[in-house]
């Protein structure tokens with residue numbers, strides 16, 4: 001369907017393909033959401049030149065959906081419109097109404113895969129035969145295709161991450177930038193006063209933290225077993241407080257977890273959830289502590305003392 005959508009948005013679809021797309025779009029709410037996500041990616045990916053009026057009218061005639069936070073800049077000129085839409089329309093979106101996290105899986109033209117979490121966004125700054133360069137806000141998992149001749153560089157507000165090919169997590173917050181390495185070697189750099197730059201090498205199992213309030217770079221082993229749980233849907237708790245569990249559940253599933261009894265937050269949980277649905281995870285927790293629960297529209301309430 002991605003290829004047909006690419007032709008549909010570029011104005012190259014046949015009458016039969018147009019009918020197919022419009023029929024598919026009307027089959028379900030999920031299909032409609034995917035259609036509008038992809039359409040807005042197409043609009044965001046276009047260079048700043050006027051599109052043919054007939055194509056533009058056809059695209060804009062439908063209601064606007066939520067825009068996928070993926071912005072293309074200089075590398076648009078290196079590919080045809082149809083290939084561009086095909087590359088960026090490979091979106092795997094979990095429906096937030098069902099209490100699952102929303103994320104997008106982006107495929108770059110070099111074969112690299114990037115998984116963006118929640119409302120995170122990424123901008124391709126420079127992508128040509130010499131360099132691969134992007135900017136990220138929020139949280140993203142990068143699986144970078146190795147290319148000795150073209151380094152892959154990620155910019156945040158206060159840091160630069162450079163690799164040749166590896167897999168790692170980049171997370172930005174109002175407080176700074178965090179990088180966790182799953183495989184390979186990552187160079188994390190920070191510009192200090194003037195032109196001075198400090199950097200550290202991070203290897204598998206290590207993380208680096210650049211704080212807005214700290215002049216250096218903190219390097220240590222990754223201590224959070226759930227730092228990639230939003231990607232893998234494997235949650236591991238070993239004596240974690242329910243406050244910590246709550247944060248992981250919200251990060252992984254995008255749900256709102258509340259406790260009827262505030263003391264419940266101090267209870268500790270030891271458990272492992274392997275690709276469980278949000279509601280199933282909440283039900284297991286409720287049974288573990290012998291409490292009741294309510295779950296509806298991505299909101300969970302745990303009722304009872306708990307421990």
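Bear in mind these aren't lab numbers, they're just calculated from the coordinates by the rules spelled out. All figures in this text were calculated on a predicted structure; none of them were measured in a lab. Quick reminder, even Gly has a Cβ in these numbers, built from the backbone with ideal geometry, and neighbours come from all protein chains shown.
Figure the gain on full extension for residue 219 and residue 185 (residue separation times 0.36 nm, minus the Cα-Cα span) and round it to one decimal in nm. Don't jump to the answer; show the numbers that get you there.
Working: separation 34, 0.36 × 34 = 12.24 nm, distance 1.34 nm.
Gain in length upon complete extension: 10.9 nm.
So between residue 137 and residue 307, what do we pick up on full extension, going 0.36 nm a residue minus the alpha carbon distance? Each step should come with its number before you reach the end.
On the way: separation 170, 0.36 × 170 = 61.20 nm, distance 3.90 nm.
Between residue 137 and residue 307, full extension yields 57.3 nm more.
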With no solvent and one point on each alpha carbon, what is the Debye value of log10 I(q)/I(0) for segment 229-303 at q = 0.21 Å⁻¹? -0.88
What does DSSP give for segment 108-221 in terms of the percent of beta bridges that are antiparallel, rounded to the nearest 5? 90 percent
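For segment 229-303, what is the percent of antiparallel DSSP beta bridges, rounded to the nearest 5?
Working: 12 of 16 bridges.
That works out to approximately 75 percent antiparallel.
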Arrange 191, 279 by Cβ neighbour counts within 10 Å, fewest through most, would you? 191, 279
At R0 = 35 Å, FRET efficiency that the Cβ-Cβ distance of residue 17 and residue 123 yields, to 0.05: 0.70
Sorted by Cβ neighbour density within 10 Å, fewest at the top, the residues 307, 180: 307, 180
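Going by how many other Cβ atoms sit within 10 Å of their own, how do 16, 224 line up, fewest first?
Placing the least packed residue first, the sequence is 16, 224.
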Rounded if a/c under 1.5, otherwise prolate or oblate - segment 108-221, Cα gyration tensor axes: rounded
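Out of all DSSP beta bridges with both ends in segment 112-159, state the antiparallel percent to the nearest 5.
About 70 percent, rounded to the nearest 5.
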